[in-house]
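Here the structure is laid out as structure tokens; the discussion comes afterwards.
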Amino acid sequence: MSRPQTKWTCGFCGKPIYWDELFTFLSNKAVVHYTCLRERAVKTSKVSQDVIKVVLDSLEDELNKIVIYKQRINQVGDNEEIKKVLDQTEKDAEKNAAQFTRLVEKLSNVIG
């Protein structure tokens with residue numbers, strides 16, 4: 001079984017991004033694997049390693065929630081009420097992930 005691939009490639013490593021991977025959108029419109037972002041952020045952090053890791057761990061939590069909500073939407077069948085709530089909750093997680101991504105950018109030199 002092949003993995004479903006997104007239309008994006010990672011702005012850092014250049015490899016394809018798959019739907020089952022954690023990824024995020026940078027302010028410069030690049031799409032990057034979470035693992036690539038984490039590696040670069042830790043190396044270029046402007047704050048202590050402990051602080052940047054708290055922000056990165058929080059981002060990872062939100063990205064994992066997005067994946068979980070997408071999976072659950074597909075599991076509820078035709079129940080539109082549940083789908084609507086899960087969809088809104090997923091959108092909230094996306095907003096949170098965007099906030100943490102911006103914070104990572106601010107606290108490190110991940111963007112040239």
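At 222 nm, what value in deg cm²/dmol follows for the chain if DSSP H runs of at least 4 each add -39500 (n - 2.57) and the sum is divided by all its residues, to the nearest 500?
One gets -20000 deg cm²/dmol as the mean residue ellipticity at 222 nm.
Calculate the FRET efficiency for D87 and S2 from the Cβ-Cβ distance with a Förster distance of 30 Å, rounded to the nearest 0.05.
The calculated FRET efficiency here is 0.70.
Choose one answer from N74, N64, N96: the residue with the largest mean-square fluctuation in a GNM of the chain with alpha-carbon springs under 10 Å.
So, out of N74, N64, N96, the one fluctuating most is N74.
Of the candidates Q88, Q75, Q49, which one comes out as most mobile in a Gaussian network treatment of the chain with C-alpha springs shorter than 10 Å?
Comparing Q88, Q75, Q49 in a Gaussian network model of the chain, the most mobile one is Q75.
Could you work out which residue, out of E60, E81, E90, moves most in a Gaussian network model of the chain, that is, has the largest mean-square fluctuation with Cα springs under 10 Å?
Fluctuation is largest for E81.
Length gain on complete extension for the stretch I111 to V31, per 0.36 nm per residue less the alpha carbon to alpha carbon distance?
Once the chain is fully extended between I111 and V31, it gains 27.6 nm.
Scan segment 31-111 for trypsin sites (Lys or Arg not before Pro) in coil per DSSP, keeping those whose Cβ has at most 11 other Cβ atoms within 10 Å, and list them by number.
Qualifying residues, ordered by number: K46.
Taking 0.36 nm per residue of separation and subtracting the Cα-Cα distance, what length does fully extending C13 through I68 add? Present the calculation step by step, with values, prior to reporting the outcome.
Working: separation 55, 0.36 × 55 = 19.80 nm, distance 2.52 nm.
17.3 nm is the gain from fully extending C13 to I68.
Please tell me the relative contact order of segment 52-112 in percent, rounded to the nearest whole number, where contacts are Cα pairs under 8 Å and at least six residues apart.
46 percent
Here are labelled values, (i) 1.14; (ii) 1.01; (iii) 1.43, and one is the computed Cα Rg over 2.2 N^0.38 Å for what I pasted. Which one?
Entry (i).
Relative contact order for the chain: what percent, with Cα pairs under 8 Å and sequence separation of 6 or more?
27 percent
If you count only protein heavy atoms with a 1.4 Å probe, what accessible area per residue comes out for the chain, rounded to a whole Å²?
Here the residues of the chain average 64 Å² of exposed surface.
Give me the percent of the accessible area of the chain that comes from carbon and sulfur atoms, probe 1.4 Å, all protein chains in place.
That share works out to 51 percent.
How big is the charge dipole of the chain about its Cα centre, in debye rounded to the nearest 20, if each Lys and Arg gets +1 on its Cβ and each Asp and Glu gets -1 on its Cβ?
About 500 debye.
Relative contact order, percent, of segment 2-41 when contacts are C-alpha pairs under 8 Å separated by at least 6 residues?
Value for segment 2-41: 34 percent.
For the chain, find the longest principal axis of its Cα atoms and tell me its angle to the long axis of helix 49-75, 0 to 90°, nearest 10.
In the chain, helix 49-75 runs at an angle near 20 degrees to the longest axis.
Have a look at Y69, F100, I111 and report the one farthest towards the positive end of the charge dipole of segment 68-112, computed about the Cα centre with Cβ charges (Lys/Arg +1, Asp/Glu -1).
The one lying farthest along the dipole's positive direction is I111.
The values are calculated or read from the model by the stated rules, or taken from the named source; none is laboratory data. These numbers come from a predicted model, not from an experiment. Counting neighbours? That spans all protein chains shown, and the Cβs are built from the backbone with ideal geometry, glycine included. For accessibility, only protein heavy atoms count, side chains too; no ligands or nucleic acids. Shrake-Rupley method; radii C 1.70, N 1.55, O 1.52, S 1.80 Å.
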